[in-house]
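Report on the structure given below.
The values are calculated or read from the model by the stated rules, or taken from the named source; none is laboratory data. Only a predicted model underlies this, so the values are computations on that prediction, with no experimental measurement involved. Cβ placement follows ideal geometry from the backbone for every residue including glycine, while neighbour counts extend to all protein chains displayed. With ligands, DNA and RNA removed, areas are computed over all heavy atoms of the protein, side chains included. Shrake-Rupley method; radii C 1.70, N 1.55, O 1.52, S 1.80 Å.
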Amino acid sequence: MVIGVLGLIAGFAAGGAILLGVLNWTLHRTVDAEALRTADAVARLAAEDALPDPLPVAGGQARVQVVDAQGRVRAASIDADRLVPMLPLDRIDRSGQQRAVVPGQRLGLEGPVRVVTVPAGTPADPLTVLVGRSLTDVRHSAEIVRTILLVSFPLLVALLAVVAWRVVGAALRPVEALRSGAAEITGSAGTGRLPVPASHDEIHRLAVTLNDMLDRLARARDRQRAFVSDAAHELRSPLTNMRTELEVAQRLGDRTDWPAVAADLLTDTERLSRLVDDLLLLARLDETTPPGRATGPVELGGLLATVAGRYPSPPVEVTPVPEPLWTVGDPDDLHRILANLVDNAVRYARHRVVLAALPQPGTPYHLVTVTDDGPGIPAADRERVFDRFTRLDDARARDAGGAGLGLAIVRDLVRRAGGTIALTDPDPKRPADPSAGPGLHVRLHLPTLPHPDQD
């Protein structure tokens, strides 16, 4: 604010100086123009040898003389000196117009006097017309303007400073409210919202944007806390089992069945290893795509056959792919997606799991499906199962070694591959099997890629 007022003062000072300079230059030009008009009129009379005596001059602030080459005054206005020229003879330029300033006492006027000269007469009898006009009015006008500026500018600066202070204060008041709200949020461990001003201006939009950002940060913080809590719980379970096994074995001493203890510990260690690997993968997926990851064309039919080869047939079956279907992405990511989906399907299927890949004409995607005849997932829970550490049957999932991270990893990998995934009911036209459950149909859309051999 102080810098703005100082800038305002400097601007007014510069503007006032320019105004005075322009005014002074304009008034001097006006005096010169009037004096030259008078001198030209007298010069025309001299050329016609019709100089009256005394010379007619309007107003009492002008003096006119006609001087010959010897410095004698041939004619003069009624108030002009008839013996001494207004300019000394050696200062008169007879070749053209001339302007000079002399003291007013020399002409009987107050203040400085502007004297202009115009050549007249004939070559045989050269004459010079001298016209002097007082600059008192010019100086008086400039002094009046200077006084007005010196009085009015400070008052104007003070008034504008007060107005600017009030306007800027009113404009920055919402910003101060935002700052105070941010300070309170910081002091309360990041909870709360910033005040939104009623005016629908830039500050209003800024407050709305910041509140949206705070909401996203709060949700991310809640997810992080839940993730850390669930991860700690999942890690604690196998560690507790391992510690219990070791304490019991230590207490039994020679009666301990060490091969059985080793087998149990190895199972818990493998579970811990899978959990840590899943947590590390999810942490990497939360970040941007790491640079330098291998991507390339992947043929879906071959990928399905590779994944299905890890399981006996039945229960895992692959529907023949009518033609090569190519997609682009990280081969390891795509393999992990299908492996997790098939693992879940095999875990809950009653009799069979069917893998298929189909083209989708008119769309930029291929469709990959994984269908099982297990108990299925209720429609209300089909979105929730993609959340981390979500298990619809906690006891069974824990016994099977799952931590509720498989489908969360699948969803993040599918998003990074540019695809979509959805859980639906199987085809209602399929033959009913009384011994099977309602089943689950996973629809995975992956971006298409032309055959690598095509141009």
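Things worth noting here:
- An oblate overall shape is assigned to segment 210-341, the ratio a/c of its alpha-carbon gyration tensor axes (a ≥ b ≥ c) being 1.5 or greater and a/b not exceeding b/c.
- Relative to the Cα centre, the charge distribution of segment 148-282, modelled as +1 at Lys and Arg Cβ and -1 at Asp and Glu Cβ, gives a dipole magnitude of about 800 debye.
- Mean residue ellipticity, 222 nm, helices only, the chain: the sum of -39500 (n - 2.57) across DSSP H runs of n ≥ 4, divided by residue count and rounded to 500, is -17500 deg cm²/dmol.
- Net charge contributed by nearby residues that have their C-beta within less than 10 Å of V73 (K/R +1, D/E -1): +1
- Look at the Cα gyration tensor of segment 193-255: its axes a ≥ b ≥ c give a/c of at least 1.5 with a/b over b/c, and that counts as prolate.
- Mean separation of Cα pairs under 8 Å and 6 or more residues apart, divided by the residue count, gives segment 275-379 a relative contact order of 25 percent.
- Amide H contacts under 5 Å for V328, placed H, 5+ residues apart: V298
- Values [x] 0.96; [y] 1.00; [z] 1.54 are given for comparison; Rg/Rh (Cα atoms, Kirkwood Rh), derived from the coordinates here, is the one labelled [z].
- Rounded to the nearest whole Hz, the Karplus-based 3J(HN,Hα) values (6.51 cos²θ - 1.76 cosθ + 1.60, θ = phi - 60°) of segment 65-78 follow the sequence 9, 10, 10, 8, 5, 8, x, 7, 7, 7, 8, 7, 6, 5, with x at glycine and proline.
- The mean sequence distance of close C-alpha pairs (under 8 Å, at least 6 residues apart), as a share of the length of segment 109-258, puts its relative contact order at 10 percent.
- Accessible area, probe 1.4 Å, largest first, for residues V2, V346, V101: V2, V101, V346
- Computed about its Cα centre, the charge dipole of the chain is approximately 1480 debye, with only Lys, Arg, Asp and Glu carrying charge at their Cβ.
- Computing FRET efficiency as 1/(1 + (r/R0)^6) for D49 and A17, where r is the C-beta to C-beta distance and R0 is 60 Å, gives about 0.75.
- Carbon plus sulfur fraction of accessible area for segment 179-279, probe 1.4 Å, in percent: 58 percent
- Net charge dipole, segment 1-153: roughly 320 debye, given to the nearest 20, about the Cα centre with Cβ charges of +1 for Lys and Arg and -1 for Asp and Glu.
- Accessible surface for L266 stands near 100 Å², nearest 10, in the context of the full protein assembly shown (1.4 Å probe).
- Using C-alpha pairs below 8 Å separated by at least 6 residues, the relative contact order for the chain is 9 percent.
- Amide H within-cut-off set for R352, under 5 Å, with H built and near neighbours excluded: D373
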